[in-house]
Amino acid sequence: MTERYPDYDILDKWSSVSFDDKTRAVLTQRLHAVPGRRFFTQTEWDLLEALSSRLAPTPERGGSIPITPWIDKELFEGDTEGFRIEGMPPTLEAWRKGLAAIEAEAKAAYVRPFAELDSETQDIFLKRIQKGEVDPALWRGMDAKRFFGDILLKGVVGVYYAHPQAQSEMGFGGPASPRGYVRIGLNEHDPWEAREVRADGKPRRSGKTQR
Amino acid sequence: MTAPTAPRARDGRAPDVFTPDGWVPMRCHADSEEVDFAIVGAGAGGATLAARLAEKGFSVVCFDAGPYWRPLDDFVSDERASEMLYWTDPRITGGDDPIALAGNNCGKGVGGSTVHFSMISLRWRPEWFKARTKLGYGVDWPVTYEQMESYYAQAEQALSVSGPVKYPWGPPRGPYPYRPHEVNAPGLILARGAEKLGVKWCAVPLATVSAPRGKSPPCVYRGWCHYGCSTNAKQSALVVWATRAVAAGAEIRDMAMVGQVETNTDGTRVTGVRFQREGEWRVQKARNVVVAGYAIETPRLLLNSATSRHPDGLANSSGCVGAYLTTHAGPGVWATFDEDIRWNKGPPNMAVTEHWNYTDEGKDFHGGYAFMSQGPLAREWGQTLAGRGLWGAELQREMAKYNHTAGFVPVAEVEPRACNTVTLADEVDPYGLKIPKLSFSYSDNDRRLQAHSKRFMGQMLEAAGGYDLWDNDDTSHLMGTCRMGDDPKTSVVNADGRSWDIPNLWVCDGSLFATTGAVNPSLTIQALALRIADRIEALARRGEL
Ligand SMILES: Cc1cc2nc3c(=O)[nH]c(=O)nc-3n(C[C@H](O)[C@H](O)[C@H](O)COP(=O)(O)OP(=O)(O)OC[C@H]3O[C@@H](n4cnc5c(N)ncnc54)[C@H](O)[C@@H]3O)c2cc1C
Ligand code: SF4
């Protein structure tokens, strides 16, 4: 995919009035204090790494955005949304059960662990799990669709799009305090916003609004 | 930033919301001192009532399970880190249409859910207070619009609501206290669509100031309102009512979780509340107790306070405590636009149409809906698209359109039904208290109403130039689990929020709603709290408390 906002990086605003100290402190953690494994077993951790490399987008600007470490941290600290759908196990238990079930499904279908499948097969397999086309016995009473959508995918995506690089690629404004925005109408931009480049490489001109 | 781990409001002082690291003096009460009012919950209902009762000279202790925030120190421009604002204690949610909780509807901390709310401040359509009599559906409230009108005006003044000179629907209400905000791009999409379809629209009356007010600076359109307003432009219950309450002599006790309302031995009066602060269970004596923990925690507390005299929970002879749980349905319709929208800028909902609240013809359902323009931030939008089933490259392609997307979400009326409930589960939380369990299913009418809203919102997005439409399902506010009424057999409290069963036990929050109406509830919750405060004063004067 060609980048829409190639010269935009939220972190370029780090020292500007779009950032305040407390937000800098949070993002410093996110960028530089990636936690180690404390909740998952090594096997679970490796599987989640393999899963999130398919479920999360591939960073356009290269590198990788850590996902598993942050989910591990949330679960280790019990820092979850707290509520659960009736019939689902408590969140921590759901993660262990769900990861085990996915691995068991992969082995049942392909005689190999999920991580060893090629990416095309992985995607086909994940679509099947997403639709709930599973062997209920391997899920020990847990709803596979709910685990996939409400826990696994929501969790992975929630970590991915909390990362400044992911936000820069989509042209998101990012932190905005104390300075917010001045030009908020259609096709209006403040100088500290992302500049969008069209598919032909030219900067998008601010067209006339229809109104 | 992480949430404070120890209470701040103590030893004669409370945090000053307007100053980094600042303090204001606060009158404090001993547990053994019988105060006039113990209020459970410092949100839209509780903090408003605390302020007004203290201003009338009553002694008040208002408890909140969460922290006493200092927005300038605590609130960050980061979605993940802001999850500290939400109620994330264990809960179970079920039924055919389980309601998502936490950030979706429940705050924890002084200011309650208004700390992360969207500031939409709308009055009810007058007929809704008498929906059964005047519109032929739902039930009547025990109050009328005429009784509420001056309290709506008082609430709008207190919040310096910024809105249009002339609001296009409902009875005249004079200009709003502050001028309207400039409408942002997603709001202009709604405006354009509305004009194409020939329906009225207007700038949303918002509880964030469009000009300086006291120590609040004007809104800077940063758009992070769902994550706490770090500038204090937002007129939340934290900034407005908690500040007034403390100034008037109320004590706000933060990080104090109330586990039971205590009763005397024959169960005829309540005597105070049992609460945990810093790991220790204590009892605050009080002449009156007001429960204001929002529509899940309020019934939960009353149910968890059951005694041999009140085996089904306090104030529950009607069986209505926890019943008639309602929400506002909030299905979204979304579209792509060629123009640059950049919907992260400005408060999330800047334009509204109440067309289907004030039009009764052409409906295949009872009730109404308003809808507003939207402005989700990056992570929230990513999770919304994930909820649509997108991941990997597909998700990435759709996220790349973020700045070119707009959409509408209604506040859609939901029928009150006895089968939708908050009950206690057989499981305890870290305080040792039984956790709440919700059961919620839509009725056929609810589904028809939502289908209508999706069709209409879709037409309007297309009329505005949107393409590649898609929709999803969601909910917002919670209401109804301790409803007010005229009949002790079918309601928990009377028009004053006073329980039918125990005269010194009151309710003052979103759980009072007998029907949902179809606008966001907080202005009505605050207007009710203002009215209840006046009623309490009048009853006290007559010796009837
Ligand atoms: C994202 C979002 C956007 C919203 N946008 C709008 C909007 O634009 N306009 C609008 O009108 N409404 C909006 N709302 C809804 C509005 O915020 C709520 O309806 C309103 O705050 C409810 O008021 P309340 O007093 O019933 O409860 P709350 O304001 O939630 O306050 C309840 C308080 O009680 C405390 N508490 C609960 N139980 C206990 C206990 N046992 N012991 C001690 N403390 C306890 C909680 O910690 C909480 O602080 C929004 C809500 C959300 C979540
Ligand atoms: S947009 Fe306005 S109200 Fe919202 S967070 Fe920013 S300053 Fe506060």
Among A:Leu126, A:Phe19, A:Ala144, the residue whose Cα sits farthest towards the positive end of the charge dipole of region A:10-180 (+1 at Cβ of Lys and Arg, -1 at Cβ of Asp and Glu, taken about the Cα centre) is A:Phe19
When the C-alpha atoms of region B:314-467 are aligned to their principal axes, what extent does each axis show, in angstrom, from largest down? 58, 46, 27
Count the net charge of all other residues whose Cβ sits under 13 Å from the Cβ of B:Leu135, scoring Lys and Arg as +1 and Asp and Glu as -1. -1
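Viscosity 0.890 mPa s, temperature 25 °C: Stokes-Einstein D of region B:280-396 from its Kirkwood Cα radius, in µm² per second? Could the numbers behind the result be given before it?
Working: Rh = 19.6 Å.
It diffuses with D of about 125 µm²/s by this estimate.
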Measure nothing but the geometry: give the 0 to 90° angle between the long axis through the Cα atoms of B:378-387 and the longest principal axis through the Cα atoms of chain B, rounded to 10°. 80 degrees
So how tilted is helix B:44-55 from the main axis of chain B? Cα-based, degrees 0 to 90, rounded to 10. 50 degrees
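Taking Cα pairs under 8 Å and at least six residues apart, what relative contact order does chain A come out at, in percent?
Values: 216 pairs, mean separation 74.6, N = 211.
That works out to 35 percent.
Express the relative contact order of chain B as a whole percentage, based on alpha carbon pairs under 8 Å and six or more residues apart in sequence.
Working: 1415 pairs, mean separation 119.5, N = 545.
After rounding, I find 22 percent.
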Using θ = phi - 60° and the Karplus relation 6.51 cos²θ - 1.76 cosθ + 1.60, list the HN-Hα couplings for region A:22-35 in order, rounded to whole Hz, with x at every Gly or Pro. 5, 6, 4, 5, 4, 6, 4, 4, 4, 7, 10, 10, 5, x
Report, as an integer, the average count of C-beta atoms from other chains found within 10 Å of each Cβ along A:145-156. 3
With the dipole of chain B defined by +1 on each Lys or Arg Cβ and -1 on each Asp or Glu Cβ, the option from B:Ser308, B:Leu122, B:Leu135 whose Cα lies farthest towards the positive pole is B:Leu122
Neighbour-count ranking for A:Phe39, B:Phe365 (other C-beta within 10 angstrom, fewest to most) reads A:Phe39, B:Phe365
Which percentage, to the nearest 5, of the DSSP beta bridges contained in chain B is antiparallel? 70 percent
List the equivalent ellipsoid semi-axes of chain B in whole Å, largest first, each obtained as the square root of 5λ for an eigenvalue λ of the Cα gyration tensor. 36, 26, 23
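About the Cα centre of region A:10-180, how large is the charge dipole given +1 on each Lys and Arg Cβ and -1 on each Asp and Glu Cβ? Please answer in debye to the nearest 20.
Numbers: 22 positive and 25 negative charges, 48 e Å.
Using Cβ point charges on Lys, Arg, Asp and Glu, region A:10-180 gives about 220 debye.
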Any idea how far the Cα center of region B:381-440 sits from the one of region B:211-252, in Å? 27 Å
Computed label-point distance, nm, for sites A:Ala137 and A:Lys107 using a 7 Å Cα→Cβ extension: 1.4 nm
dims of region B:244-289, Cα set, principal axes, largest to smallest, nearest Å -> 37, 27, 10
Farthest toward positive dipole pole in the protein assembly as shown [+1 Lys/Arg, -1 Asp/Glu at C-beta], among B:Gln284, B:His366, B:Gln147: B:Gln147
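Let me make sure I get this right: for region B:261-332, a, b and c are the square roots of the gyration tensor eigenvalues over alpha carbons, sorted descending. Under 1.5 in a/c it's rounded, otherwise prolate if a/b > b/c, else oblate. Which is it? Mind dumping the intermediate values first?
On the way: a/c = 2.66, a/b = 1.48, b/c = 1.80.
Since a/c reaches 1.5 but b/c is at least a/b, the shape of region B:261-332 is classed as oblate.
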For region B:358-498, give the magnitude of the charge dipole about the Cα centre (Cβ charges: +1 Lys/Arg, -1 Asp/Glu; no others), in debye to the nearest 20. 180 debye
Magnitude of the Cβ-charge dipole of chain B, K/R +1 and D/E -1, about the Cα centre, nearest 20 debye? 960 debye
What is the average number of partner chain Cβ atoms found within 10 Å of a Cβ in A:17-27? 5
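Return B:Phe117, B:Phe440, A:Phe125 ranked ascending by Cβ neighbour count within 10 Å, so the fewest neighbours appear first.
On the way: B:Phe117 26, B:Phe440 22, A:Phe125 18.
With the fewest neighbours first, B:Phe117, B:Phe440, A:Phe125 line up as A:Phe125, B:Phe440, B:Phe117.
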Spelling it out for B:Gln374: with amide H atoms placed in the peptide plane at 1.01 Å from N, the residues 5 or more places away or on another chain with amide H under 5 Å from its amide H are B:Gly407
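When the chain is fully extended, how far beyond the present Cα-Cα distance does B:Gln459 get from B:Ser308, taking 0.36 nm per residue of separation?
Here the answer is 48.6 nm.
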Report the Cα centroid-to-centroid distance between region B:144-205 and region B:14-46 in angstrom, as an integer. 33 Å
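List B:His355, A:His32 from most exposed to least, where exposure is judged by having the fewest other Cβ atoms within 10 Å. Don't skip to the answer; put the middle values down first.
Numbers: B:His355 21, A:His32 7.
With the sparsest Cβ surroundings first, the list reads A:His32, B:His355.
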Return the subset of A:Lys22/B:Lys108; B:Lys130/B:Lys434; A:Lys73/A:Lys154; B:Lys434/B:Lys454; B:Lys234/B:Lys401; B:Lys130/B:Lys437 for which the Cα-Cα distance in this structure is over 27 Å, preserving the input order. B:Lys130/B:Lys434; B:Lys434/B:Lys454; B:Lys234/B:Lys401; B:Lys130/B:Lys437
Using only the alpha-carbon atoms, how far is helix B:185-197 inclined from the longest principal axis of chain B? Give it as 0 to 90 degrees, nearest 10. 70 degrees
Once normalised by the length of region B:281-342, the mean sequence separation of its alpha carbon contacts under 8 Å that are 6 or more apart gives a contact order in percent of 20 percent
Taking the simple approach of a point 7 Å from Cα along Cα-to-Cβ for both B:Glu394 and A:Ser15, what is their distance in nm? 4.5 nm
Give the whole-number value, in cubic angstrom per residue, of the convex hull volume spanned by the C-alpha atoms of the protein assembly as shown. 150 Å³
Per residue, how big is the convex hull of region A:10-180 when only Cα atoms are used? Give it in Å³. 132 Å³
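Would you please name the trypsin sites (Lys or Arg not before Pro) within region B:445-517 that are DSSP coil residues with at most 15 other C-beta atoms within 10 Å of their C-beta? It would help to have the intermediate numbers written out before the result.
On the way: sites: B:Arg447, B:Arg448, B:Lys454, B:Arg455, B:Arg483, B:Lys489, B:Arg498; in loops: B:Arg483, B:Lys489.
Sparse-neighbourhood loop trypsin sites (Lys or Arg not before Pro): B:Lys489.
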Given R₀ = 56 Å, what would the calculated FRET efficiency be for A:Thr58 paired with B:Thr265, taking r from the Cβ atoms and rounding to 0.05? 0.25
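Bear in mind that the values in this text are calculations on the coordinates, not laboratory data. All figures in this text were calculated on a predicted structure; none of them were measured in a lab. Note that each Cβ is placed from the backbone with ideal geometry, even for glycine, and that neighbours are counted across all protein chains shown.
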